[in-house]
């Protein structure tokens, strides 16, 4: 898949991974980099200009954005590092953890297309707006973080003994990532309890779809599809999974989006089109109210009953898909309230090899629901007990099996849906 200069992502704030290919992102040539080396003030103005043109909030969080430009251009910067710090200080005035600056090293390390091989511990994190805590959105499946038992909503208090209080999100990511085989200690707070996790960084290969056909006592054949990320190759893998289910004549599907932190906008739209025959799937609204609608196109692959599993780690593109299926009564959503990230970022390379992620729009479900901060509330709320959660934390191979309490609930609901049909 070709990576455009400014790719729309619905994913997470930052990823504790590294070694991601950035081909096609639009980094400038060496002459441009030399110019920015000699004139570090230029990077400050370039970032200001991008925010001025694209940022979702036309009030700029109530700040005098033109005045801010003058303030920061009146300063002198001895080198680009001082300019970088000024840019970060300037962006903080927007009070938006999703709009962030990355120096060249951080930008190269940022994951844009998850179809490649990564290195790190495999967690996706954000900085909470209300508390400024560094919070885990979700671990990536089959990574050191997931296998160690780190879960959504965990608060990262320390990295290798260094407190994250007041720390910039990118700085936390830089502390966590590193070479495969090296260790990092995360001090995690969960429900008031503090625990250390010693993780060994590793190479991470992400396969977004895990699917199987299962023979059940009451339902006969069903298709179980676990989608862990909306990456570039998720569309084809999902298509293959559904086509296999139709070939096997399954009676229904369980679509598992738990701990799926999101990914690419087009991926969520294309997958929704496999289940929804007509109508609007999602609309994006920018700061002047313009609406960019994405619609179904008659390419539906199945009309079988669907149950969607979600939890607090289901974010962004997961909320687009589950929200659309819910609005059309195309599926029954089961689990717990989702993360609530209804914002779209554009990621672009800057003149000196650094990068900028800018919040450019919010998205709405087909019924016009703005799910940012609210999330998707399931049709059937099923909160697992601590004991039920521990079963899956201790052995993640039990996810999507009868040892998984939410999966059992999904089977029960799917049985009812099949019986109605």
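The values are calculated or read from the model by the stated rules, or taken from the named source; none is laboratory data. Note that this is a predicted model, so its numbers are computed, not measured. Here Cβ is always computed from backbone atoms with ideal geometry, including for glycine, and neighbour counts include all displayed protein chains.
Residue 213 meets each of the listed conditions (1) modelled with pLDDT under 95; (2) surrounded by fewer than 18 Cβ atoms within 10 Å (Cβ to Cβ) apart from (1). Residues in the stretch 126-144 that are under 16 Å from residue 190 (Cα atoms) and crowded, with 24+ Cβ neighbours inside 10 Å were compared, and the one that is modelled with the lowest pLDDT is 138.
Apart from one condition, residue 95 fits all of (1) modelled with pLDDT of 90 or more; (2) on the phi < 0 side of the Ramachandran plot; the exception is (2).
Any residue at all in the stretch 376-386 that is under 25 Å from residue 265 (Cβ atoms) and surrounded by fewer than 20 Cβ atoms within 10 Å (Cβ to Cβ)?
Residues of the stretch 376-386 that are under 25 Å from residue 265 (Cβ atoms), as a first pass: 376-379.
Imposing the further condition that a residue be surrounded by fewer than 20 Cβ atoms within 10 Å (Cβ to Cβ) reduces the set to 377, 379.
Checked against the condition, which is being under 25 Å from residue 265 (Cβ atoms) and surrounded by fewer than 20 Cβ atoms within 10 Å (Cβ to Cβ), the stretch 376-386 yields at least one hit.
For the stretch 286-318, which positions are more than 24 Å from the chain's Cα centre (by Cα) and touching a residue at least 40 places away in the same chain (Cβ under 8 Å)? 288, 301, 302, 304, 305 - these are the residues of the stretch 286-318 that are more than 24 Å from the chain's Cα centre (by Cα) and touching a residue at least 40 places away in the same chain (Cβ under 8 Å). Might you check whether a residue that is outside the structural domain of residue 327 (by TED's automatic domain parsing), more than 30 Å from residue 103 (Cβ to Cβ) and surrounded by fewer than 15 Cβ atoms within 10 Å (Cβ to Cβ) occurs anywhere in the stretch 194-206? For the stretch 194-206, residues outside the structural domain of residue 327 (by TED's automatic domain parsing), more than 30 Å from residue 103 (Cβ to Cβ) and surrounded by fewer than 15 Cβ atoms within 10 Å (Cβ to Cβ): present. Scan the stretch 98-119 residue by residue and report those that are touching a strand residue (DSSP E or B) at 6+ places or on another chain (Cβ under 7 Å) and at pLDDT below 85. Scanning the stretch 98-119 gives 107, 109, 110, 111, 112, 114, 117, 118, 119.
Taken over the stretch 189-226, the criterion of being more than 30 Å from residue 249 (Cα to Cα), free of Cβ contacts under 8 Å to residues at least 12 places away in the same chain and touching a strand residue (DSSP E or B) at 6+ places or on another chain (Cβ under 7 Å) is satisfied by 195, 196. Residue 360 falls short on exactly one of the conditions (1) within 30 Å of residue 193 (Cα to Cα); (2) surrounded by 15 or more Cβ atoms within 10 Å (Cβ to Cβ), and that condition is (1).
Being surrounded by 17 or more Cβ atoms within 10 Å (Cβ to Cβ), in contact with a strand residue (DSSP E or B) (Cβ under 7 Å, 6 or more places away or on another chain) and over 20 Å from residue 209 (Cα atoms) is true for just one of 282, 291, 269, 308. Which residue is that? Spell out the reasoning first.
Numbers: 291 fails: surrounded by 17 or more Cβ atoms within 10 Å (Cβ to Cβ); 269 fails: over 20 Å from residue 209 (Cα atoms); 308 fails: over 20 Å from residue 209 (Cα atoms).
Among 282, 291, 269, 308, only 282 is surrounded by 17 or more Cβ atoms within 10 Å (Cβ to Cβ), in contact with a strand residue (DSSP E or B) (Cβ under 7 Å, 6 or more places away or on another chain) and over 20 Å from residue 209 (Cα atoms).
Return a yes/no flag: does the stretch 133-153 have any residue that is under 27 Å from residue 375 (Cβ atoms) and over 23 Å from the mean Cα position of the chain (by Cα).
Initial filter on the stretch 133-153 (under 27 Å from residue 375 (Cβ atoms)): 133-143, 145-153.
Still in the list and also over 23 Å from the mean Cα position of the chain (by Cα): none.
Looking through the stretch 133-153, none of the residues is under 27 Å from residue 375 (Cβ atoms) and over 23 Å from the mean Cα position of the chain (by Cα).
Of all residues in the stretch 385-395, one or more are outside any loop (DSSP other than H, G, I, E, B), free of Cβ contacts under 8 Å to residues at least 24 places away in the same chain, in contact with a helix residue (DSSP H, G or I) (Cβ under 8 Å, 6 or more places away or on another chain) and within 17 Å of residue 138 (Cα to Cα).
No other residue among 245, 232, 223 is at pLDDT below 95, in the same structural domain as residue 312 (by TED's automatic domain parsing) and either farther than 16 Å from residue 272 by Cα or not in a helix (DSSP H, G or I) (or both) apart from 232. When 50, 56 are checked against the criterion of being closer than 15 Å to residue 355 by Cβ and in contact (Cβ under 8 Å) with a residue 60 or more places away in the chain, 50 stands alone in meeting it. Scanning the stretch 153-169 for residues that are more than 25 Å from residue 338 (Cβ to Cβ) and either out of contact with any strand residue (DSSP E or B) (no Cβ under 6 Å at 6 or more places or on another chain) or not in a loop (DSSP other than H, G, I, E, B) (or both) gives 158, 159, 161, 162, 163, 165, 166, 167, 168. Can you confirm whether residue 323 is in a helix (DSSP H, G or I) and either free of Cβ contacts under 8 Å to residues at least 40 places away in the same chain or out of contact with any helix residue (DSSP H, G or I) (no Cβ under 9 Å at 6 or more places or on another chain) (or both)? Spelling it out, residue 323 is indeed in a helix (DSSP H, G or I) and either free of Cβ contacts under 8 Å to residues at least 40 places away in the same chain or out of contact with any helix residue (DSSP H, G or I) (no Cβ under 9 Å at 6 or more places or on another chain) (or both).
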